[in-house]
Amino acid sequence: MLRFGLCCLFKEETVSFRTTTATALATIPRDRQLFKLSEICLHNARSLLLSLKTVQRLGIGAFRIMSPLFPRMTHPEAGYTLDSLPDGQTIRAILETCRIFASERQIRLSFHPDQFVVLSSPHPAVVANSIRELEYQARLAEMVGADVINIHAGGVYGDKQAALGRFWEVYDRLPDAVRNRLTLENDDVSYTPEDLLPICRERDIPLVYDVHHHRCNPDNLTIEEATELAGATWKSVGREQYCHISSPRGGWEIGNPKPHADYIHPADFPDCWRECTMTVDVEAKAKELAVVRLMSDLQRINLD
């Protein structure tokens, strides 16, 4: 009933992804830029397929694809399309293989754009860049069959309701390929589940409930209530609920509880989740080791 997810990278498995910077690309002619980018994107496409085969072997049921799978694709100077790359057709074919592999083995795929994607920003340039990035990730999501592009609401900017109002305005302008996958997540600083649930209900946006963030940034809802109310936003669009779990690096009693630990403490896993049908992304520094250990710990607890 529970599907556990790995976030982007591996700790010990031999899977790697490559990247580059706009600064590095600017030092070479455009034809060499495209050749270099093509090599990187081809490598990363192959690594994505290897990632899916690896999580399937480990019994992990979901995988979050790293946002810069194709680095600098939306950059104003260094940007490119797959069709402009020498290996573009091969890359597309590998992505189609990834889609089929994930679909046949019921591996759920998602994206979680970087923090610079802020639809509620009062700055038009930030919003424009955010939309461009979301459109890029929606194109990737269509090619590989990912159903979730998860973002945060952004900053408060001195007026939370005005910020959410800007979010609404921008959301209504987004292409269907983005809106059909877009989800909102409560964060550990600004927006609680209680803050986001009204906008989620109003626009049929599923709420990704992060229980660690909720513990760091609580509201009037219990974990059980937040889980149920967030679940209703997924039911309303006919999709499986998505949640996040992590543990504090230094524990809950001492220091800052926001940084993530290497592994998940079993006591941090909500009891009310154990009988749910949902996807749970494990956000932990030990990556696949943490996911496998959590699955083992919960199985042992259930047997006890």
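The values are calculated or read from the model by the stated rules, or taken from the named source; none is laboratory data. Note that this is a predicted model, so its numbers are computed, not measured. Neighbour counts run over all protein chains shown; Cβ positions are idealised from the backbone, glycine included.
Among residues of the stretch 213-238 being assigned to a loop (DSSP other than H, G, I, E, B) and of a type in the set (Gly, Ala, Ser), the one that is nearest to Tyr171 (Cα to Cα) is Ser236. When residues in the stretch 249-282 are screened for being β-branched (Val, Ile, Thr), part of a loop (DSSP other than H, G, I, E, B) and touching a residue at least 40 places away in the same chain (Cβ under 8 Å), 1 of them pass. Hey, among the residues in the stretch 118-131 that are part of a helix (DSSP H, G or I) and within 17 Å of the chain's Cα centre (by Cα), which one's surrounded by the fewest Cβ atoms within 10 Å (Cβ to Cβ)? The extreme case among them is Ile131. Which residues, taken from the stretch 293-302, are in contact with a helix residue (DSSP H, G or I) (Cβ under 8 Å, 6 or more places away or on another chain) and either surrounded by fewer than 19 Cβ atoms within 10 Å (Cβ to Cβ) or aromatic (Phe, Trp, Tyr) (or both)? Across the stretch 293-302, the qualifying residues are Asp297, Leu298, Ile301.
Of all residues in the stretch 188-212, those satisfying the criterion of being under 19 Å from the mean Cα position of the chain (by Cα), surrounded by fewer than 24 Cβ atoms within 10 Å (Cβ to Cβ) and either in a strand (DSSP E or B) or of a type outside the set (A, V, I, L, M) (or both) are Asp188, Ser190, Thr192, Cys200, Asp204, His212. Taking the numbered list (1) of a type outside the set (S, T, N, Q); (2) in a helix (DSSP H, G or I); (3) out of contact with any helix residue (DSSP H, G or I) (no Cβ under 6 Å at 6 or more places or on another chain); (4) in contact (Cβ under 8 Å) with a residue 24 or more places away in the chain in turn, Leu52 passes all entries but (3).
The numbered conditions (1) exposed (fewer than 14 other Cβ atoms within 10 Å of the Cβ); (2) modelled with pLDDT of 95 or more are all true for Gln115 except (2).
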